[in-house]
Amino acid sequence: MRIVLLHMPWGAIDVPSLALGILHTAAVRAGHRVDVRYANLDFVDWAAGTTGFGADDYQYFSEKSYFQGAGDWAFAGALYGDDEPAPGRDGDSHGDGDSHDHDFAGYFEYLAANGASEQEIALTRATRAIAPAFITRLVEELAADPPDLVGFTTTFQQNTASLAAARLLKQRCPQVRTVFGGANCDGPQGAALHRNFPFLDYVVRGEGEAALPALLAGGDLSAVPGLCWRDGSGSSTANAMSTRPLPPAAILAPRYDGFFERLDASVAAGWVDPKLVVEGSRGCWWGEKHHCTFCGLNGSSMEFRSKPPADFLAEVLALAERHQLLDVYVVDNILDMGYFDTVLKSLTELPVDLRLHFEIKANLRRHQFQLLGDSGAAQVQPGIENLSTRVLRIMDKGVTGCQNVRALRDAQSAGVSVTWNYLYGFPGEQPDDYESVIRQLPVLHHLDPPTGAGRIAIERFSPYFDRPELGFAITRPAFQYRATYRLPESELNELAYVFTAPPRGIGGGLAERLGAAVDTWLARFPDSRLTHRDAGDRIVLVNTRPGFDWRVVELTDPVELAVFRLLSQPRSAAALAAKTPGGAAAVGPVLERFTALGLLFHDGDSFLQVAVESDNQVLMRMQHRHGPVAVHPHAEEVLDAVAIG
């Protein structure tokens, strides 16, 4: 059987599709001929050549506008075959049983209300206008030599582009079987897609490594877990999903043949740095115990499974050698803690300079961040989300505000960059949870800032979606689904991933102040620095943060030295007093001085010192990663004077 696997807009253009790479392996093992077509790159080249479409334009659809659905809206006209407003429509979908909101102005108002610029709104409309021509071109090329089966992976904003191509392909070549799979097909979403779009022959819900070969084998379709298929009358049947996720040994290594050559030939090669994408595990070991209240990313399968360390390491090294790439994005939702003494330790001993991205839990200790840095982890995503312990408890994150700040400090000390977002809007949060943090943010301007601050969205599969008693009375799918799909509300309820509910938590005014404070952090970070070097009898601190007017401070007082060292971990004033000569009377003035110097982060009854460890090697890594750092003219001389060894 000849199979074509399609990766449609708006899939990422800097990495191959992990899903299609795995399915490529599975189908080849089953004896089939497979071509993987990166139609997202086809779109980039076609749109860049015809309209001047650029890198920022693609990123707007693939990343920036996800929660407003601009990418799916842009291909909705190609899906439905026209862009004429429905007769008698006023943009309100209440009560008529037909929830398609075909009112362009209403959707553009929605985009504007959610921060889209006039240029981005114009881009969205212009892209919708050209999308049908691209779909026609793509399908004509497929129809010129039709395969037996075309498989689509759909995640995030790939739904309507994939549906549009599948609809037109089925019209041109009825004999070609169409299959959907991916995160957008999980649980009720996949059943809704199959039920409402009859040109889809099959939808695979859940893990595809077992389902696709079983489907291709042509046996009893009712025996394939999670499969949606049609009986002789064309009616949709959805098999029950598997309750037993794939064991680690059944999670296949991907094949990326052709992607990097295709990227090299694309205009996108000048937009992005290519990376490998791999997975060592599925599920979330923390989520199995404490499901973060807002998170729906694991879908219907939370059970944590990881590949044996030796197998995962061999897979990474083989892919790096085959494709001659060192940048590796590990997509696991959380790093297996067992990989520290196995995979990461092995990488430190190998003559290879990989640059890795991991998602981790924020309560790692200093030596673990060092092992990450030494193994090649250039960037980590610790799931920090907030700096208030009260709010983090509402999220069920299992960390404190001080532990999150410690993660930022220790990661930078190890030469590891951190990426994170600041989230708000949780039921039960209070203004002071944010007021106290906003006041202290100038203290943290030398640490990796969040990419932005935003109100949480209600995601399918999250506790907030499944358990209304946690505080959200979900009203309906988010507006973009009504603006995109011409389906009844009852079907949108099954299809949607993002939902609307009355906002909770802090109000708009405080949220704006938080956003402005984060923007200031982003602006000041490149020129801000707070480092320390411990020389035994003294500690030398160097500061360039704009909010504090000192540059070099030496700590020599025994009490100050003791308190500073103790505050490498979060501690209360009482705990410090119990461990420091002179007790509370000695500790109190030190905490006041350290606070005035901007050395401390304070949350609840806990304090933490926030100065990054300084040595020449780490400084060189920081300058390479962030660009030149503005420092006091004599700062390096002071550090050299107290250098150890």
**Study point:** Hits in segment 229-240 - residues which are part of a loop (DSSP other than H, G, I, E, B) and either touching a helix residue (DSSP H, G or I) at 6+ places or on another chain (Cβ under 7 Å) or buried (at least 18 other Cβ atoms within 10 Å of the Cβ) (or both)
**Key:** Asn239
Practice item. Scan segment 404-425 and report the pairs whose first residue is free of Cβ contacts under 8 Å to residues at least 40 places away in the same chain and whose second residue is open to solvent by 10 Å² or more (accessible area, probe 1.4 Å) and part of a loop (DSSP other than H, G, I, E, B), with Cβ atoms within less than 8 Å and a gap of 6+ or a chain change. Key: Trp420/Gly383; Trp420/Glu385; Trp420/Thr451; Asn421/Glu385; Asn421/Thr451; Asn421/Gly452
Check your understanding: For Ala164, all conditions in the list (1) under 22 Å from Ser17 (Cα atoms); (2) without any contact (Cβ under 8 Å) to a residue 12 or more places away in the chain hold save one; what is the number of the exception?
Key -> (2)
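Of the residues Ser242, Ser235, which is in contact (Cβ under 8 Å) with a residue 12 or more places away in the chain and over 19 Å from Ala165 (Cβ atoms)? Before the answer, list the steps.
Details: Ser235 fails: in contact (Cβ under 8 Å) with a residue 12 or more places away in the chain.
Residue meeting the stated conditions: Ser242.
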Point to revise | Residue check for Arg551: in contact with a Pro (Cβ under 7 Å, 6 or more places away or on another chain), modelled with pLDDT of 95 or more and open to solvent by 30 Å² or more (accessible area, probe 1.4 Å) | key: no
Check your understanding: Can you find a residue in segment 271-281 that is in contact with a helix residue (DSSP H, G or I) (Cβ under 7 Å, 6 or more places away or on another chain), among the charged types (D, E, K, R) and buried (at least 19 other Cβ atoms within 10 Å of the Cβ)?
Key -> yes
Check your understanding: Between residues in segment 191-211 that are more than 15 Å from Val176 (Cβ to Cβ) and residues that are of a type in the set (S, T, N, Q) and not in a loop (DSSP other than H, G, I, E, B), which pairs lie under 7 Å by C-beta distance while being six or more apart or on different chains?
Key -> His194/Ser236; Arg195/Ser236
Check your understanding: Among the helices (runs of 4 or more DSSP H) contained in segment 573-645, which hold 1 or more residues that are open to solvent by 30 Å² or more (accessible area, probe 1.4 Å), out of contact with any Leu (no Cβ under 6 Å at 6 or more places or on another chain) and at pLDDT 70 or above?
Key -> 573-579, 583-597
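Per-residue answers, yes or no, for (1) acidic (Asp, Glu); (2) open to solvent by 30 Å² or more (accessible area, probe 1.4 Å); (3) under 19 Å from the mean Cα position of the chain (by Cα):
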| residue | (1), (2), (3) |
| --- | --- |
| Met1 | no, yes, no |
| Pro16 | no, no, yes |
| Leu23 | no, yes, no |
| Asp42 | yes, no, no |
| Thr50 | no, yes, no |
**Study point:** Breaking point among (1) open to solvent by 40 Å² or more (accessible area, probe 1.4 Å); (2) of a type in the set (Lys, Arg); (3) under 22 Å from the mean Cα position of the chain (by Cα), for Lys397
**Key:** (1)
Practice item. Quick one: Arg366 ticks every box in (1) open to solvent by 50 Å² or more (accessible area, probe 1.4 Å); (2) closer than 27 Å to Ser17 by Cα except a single one, so which number is it? Key: (2)
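Can you go through Gly181, Gly226, Gly206 and tell me which one is open to solvent by 10 Å² or more (accessible area, probe 1.4 Å), closer than 24 Å to Gly299 by Cβ and touching a helix residue (DSSP H, G or I) at 6+ places or on another chain (Cβ under 7 Å)?
Gly181
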Study note, to complete from the structure: Note on segment 314-341: residues closer than 22 Å to Trp286 by Cα, open to solvent by less than 50 Å² (accessible area, probe 1.4 Å) and more than 20 Å from the chain's Cα centre (by Cα) are Gly338, Tyr339, Phe340
Study note, to complete from the structure: Counting only helices (runs of 4 or more DSSP H) entirely within segment 464-570, those with at least 2 residues that are within 22 Å of Phe67 (Cα to Cα) are 479-484, 489-495, 508-524
Check your understanding: Does segment 164-172 contain at least one residue that is open to solvent by 10 Å² or more (accessible area, probe 1.4 Å) and closer than 21 Å to Val498 by Cα?
Key -> no
Point to revise | Which numbered condition Tyr256 misses (of (1) among the hydroxyl-bearing types (Ser, Thr, Tyr); (2) without any contact (Cβ under 8 Å) to a residue 12 or more places away in the chain; (3) surrounded by 19 or more Cβ atoms within 10 Å (Cβ to Cβ)) | key: (2)
**Study point:** Matching strands (runs of 3 or more DSSP E) fully within segment 132-207 where at least 2 residues are within 24 Å of Glu63 (Cα to Cα)
**Key:** 149-153, 177-181
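The values are calculated or read from the model by the stated rules, or taken from the named source; none is laboratory data. Predicted model only: the values in this text are computed from it and were never measured. Positions of Cβ are backbone-derived with ideal geometry, glycine not excepted, and every protein chain shown enters the neighbour counts. Note: accessible area is taken over every heavy atom of the protein model, side chains too, but ligands, DNA and RNA are not part of it. Shrake-Rupley method; radii C 1.70, N 1.55, O 1.52, S 1.80 Å.
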